[in-house]
Amino acid sequence: MTRMLCNALVIGGMVAANAAWAGDLPKNDDVQSTGKLTILSPMNYAPFEFVGEDGKPAGLDIELAQAMADELGVSLDIVVTPFQTMFPSIAAGRGKIAWSTFTVTGERLKIVDFVSFLKSGIVLITPADKVSKFKSKDDVCGAKIAVHGGSSADFAVDKLSADCKAAGKPDIQKALYPEQKDTIQAVLAGRADGRLDDTTAAIYYVDHSNNTMAVAPGEYFPLPLGVAVPKNDKQTAEMMQKAFQHLIDNGTYLKILDKYKMGPAAVTHSEVITSADQLPQ
């Protein structure tokens, strides 16, 4: 795991301010003792977390994390962690906060708890000249679809393929890739008919594709997105929930989302999610 220490100056063009506010926000023991908000992040998933052209951490998640650190009156410490190892790292005590746009699922809730801060579903992104071929959910059957291994899209394609089979249609041909950028390249190179991704990420990629990519109709399996915290760690969960809610209430949250054109994914309340019973049925 690699470390990046971000001081409270400038992250992704956002000037840190109001660091002395920390007043009513609770801090867990880790933040209290270190003076840092330490997060695990893959740093390879634009527009949420990535390394900018200037070599500094950037993205929606990073700006939110920096804003939260400012409000807590501490510095932001980023531990670069591969996506596939983030939950095991939290479960093993190698961190308190895994910060990415994790889709909250029942399977993941067996390992970690979540604090929600966005909402999203799964959509199909395909070349603009092929989008007319995917008018409904059934049209995905038989197609070759690229997904990031271990992501929510990976599990979603299995569910969709099972639906295809139940309807007497051909299975989806799942093409697994180690990183999200690889799924994009697979579609651009014609090695896949499309790729599944969170609605939030799809908005960003399509907007930056110079009209070469499009989102097919329909959104599958809408669920909350959140950061992961250790199972039953009420202190950390409460800190994150109250800090998120403060950013929502003071307008900082929506300003950052709007910068990345993620307004449609906004929530008005952050929640601690510990059980699948709390998820939309």
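Length gained on full extension, residue 1 to residue 232: 80.7 nm, using 0.36 nm per residue less the C-alpha separation. Helix-only arithmetic for the chain: the sum of -39500 (n - 2.57) across DSSP H runs with n ≥ 4, divided by the residue total, places the mean residue ellipticity at 222 nm at -8500 deg cm²/dmol. For residue 210 and residue 182, a Förster radius of 30 Å and the Cβ-Cβ distance give a FRET efficiency of 0.90, rounded to the nearest 0.05.
In the elastic network of the chain, a GNM with C-alpha springs shorter than 10 Å, the most mobile of 199, 34, 252 is 34. Note on 193, 30: ascending count of other Cβ atoms within 10 Å places them as 30, 193, the fewest first. Annotation: the residues 107, 238, 71, sorted from fewest to most other C-beta atoms within 10 Å of their own C-beta, follow the order 107, 238, 71. The trypsin sites (Lys or Arg not before Pro) found in segment 70-169 that occupy coil by DSSP, while having at most 13 further C-beta atoms within 10 Å, are 135. Near the amide H of residue 173, within less than 5 Å, lie the amide hydrogens of 142, 143, 144, 145, all on another chain or at least 5 residues away, with H placed in the peptide plane. By the count of neighbouring beta-carbon atoms within 10 Å, fewest first, 1, 213, 239 end up ordered 1, 213, 239. Taking the centroid of alpha carbons for each part, segment 206-281 and segment 78-140 are 11 Å apart. Using C-alpha pairs under 8 Å with a sequence gap of at least 6, the mean separation divided by the residue count of the chain gives a relative contact order of 25 percent. Straight-line reach from residue 242: taking Cα to Cα under 25 Å and skipping same-chain neighbours fewer than 8 places apart, the lysines in range are 27, 36, 96, 110, 119, 231, 234, 255, 259, 261.
Beta bridges per DSSP, both residues in the chain: antiparallel share near 70 percent.
Restricting to Cα pairs below 8 Å that are 6+ residues apart, what does the relative contact order work out to for segment 121-221? Please round to a whole percent. Answer for segment 121-221 is 49 percent. To check you understand DSSP bridge types, tell me what percent of the beta bridges within segment 18-159 (both residues inside) are antiparallel, rounded to 5. Antiparallel bridges make up about 30 percent of those DSSP assigns within segment 18-159.
Once both axes come from the Cα atoms, what is the angle between helix 152-166 and the longest principal axis of the chain, in degrees from 0 to 90, rounded to 10? So the helix axis and the longest Cα principal axis differ by about 30 degrees. Between residue 80 and residue 137, the contour length at 0.36 nm per residue exceeds the alpha carbon distance by 16.9 nm.
In a reduced charge model with +1 at each Lys and Arg Cβ and -1 at each Asp and Glu Cβ, the chain shows a dipole moment near 520 debye about its Cα centre.
Taking 269, 208, 246 in turn, the Gaussian network model of the chain (Cα-Cα springs below 10 Å) assigns the largest fluctuation to 208.
Read the figures in this text as sums done on the coordinates, not as results from a lab. Source: prediction; values computed, not measured. Because the Cβ atoms are built from the backbone with ideal geometry, glycine has one as well, and the counts that use them run over all protein chains shown.
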